[in-house]
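Asker: Quick one: this structure, given as structure tokens, is what I'll be asking you about.
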Amino acid sequence: MVFHTTEGSQRDEIEIKEERLQEKELAILGFHVSDVKYSTRIAYTRNSRKQPEDLLQYSESSTMKLKYKKEPMYNVINVYTNFYPTAFDSGDEKHEDEIKFDLNTSYYTSKYWENPSFPDMQNALASFLKEELKEKQNINSLFTKK
């Protein structure tokens, strides 16, 4: 594991890298895994205390080579995760009353979904799913009117 810090002109970065299975592979349940790499990068505001309110960016990347049983070539799997805070508030106050959601208000100026030229997914999916596609009421919705 390699731990590296960089101080830039506008932000401080912390980078953590780790590599596994470089020389050999791990075989489990027919899958062969090798060349696993992890990288985590965290950026804070310059000369800050490195607290959550100072966070500018968090990103992770993972890469591994994977094949199943006697496949001739490995498949490379890349997983990327990025987090960029836009507004971050910490404290003891509750702001629930500031959040307003009105089911009866719409910001659309026209009902585009009622226009005959709007694509109807019911017809598109019915050609693939035949009799398996049935329209039902959504009983799991949080905002279903009862």
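Asker: So which of K50, K17 is over 30 Å from G91 (Cβ atoms) and of a type in the set (K, R)?
Answerer: K17
Asker: Follow-up question, since we're still on this one. Quick one: what pairs do we get from region 8-35, first residue under 11 Å from M64 (Cβ atoms), second of a type in the set (A, V, I, L, M) and surrounded by 15 or more Cβ atoms within 10 Å (Cβ to Cβ), C-beta under 6 Å, 6+ apart or different chains?
Answerer: R20/V36; L21/V36; L26/V33; V33/M64; V33/L66; S34/L21
Asker: Moving on. Mind checking which pairs have a first residue in region 109-124 that is under 21 Å from E135 (Cα atoms) and a second that is assigned to a helix (DSSP H, G or I), Cβ under 6 Å, 6 or more apart or different chains?
Answerer: Sorted first by the residue in region 109-124, then by its partner, the pairs are F118/Y112.
Asker: Given (1) open to solvent by 90 Å² or more (accessible area, probe 1.4 Å); (2) over 19 Å from F3 (Cα atoms), identify the lone condition not met by K65.
Answerer: (1)
Asker: Let me ask you something else. Among the residues of region 70-84, what is the count of those that are surrounded by 10 or more Cβ atoms within 10 Å (Cβ to Cβ) and either in a loop (DSSP other than H, G, I, E, B) or among the acidic types (D, E) (or both)?
Answerer: 3
Asker: Shifting gears a bit: Answer yes or no as to whether I99 is more than 28 Å from Q10 (Cβ to Cβ), of a type in the set (A, V, I, L, M) and at pLDDT below 85.
Answerer: yes
Asker: Which residue is farthest from Q10 (Cα to Cα), if the candidates are limited to region 33-54 and must be outside any loop (DSSP other than H, G, I, E, B) and open to solvent by 40 Å² or more (accessible area, probe 1.4 Å)?
Answerer: K37
The values are calculated or read from the model by the stated rules, or taken from the named source; none is laboratory data. Keep in mind that what you see is a predicted model, and the values were worked out from it rather than measured. With ideal geometry, Cβ positions are generated from the backbone for all residues, glycine too; neighbour counts draw on all protein chains shown. These accessible areas exclude ligands, DNA and RNA; they are computed on the full protein's heavy atoms, side chains included. Shrake-Rupley method; radii C 1.70, N 1.55, O 1.52, S 1.80 Å.
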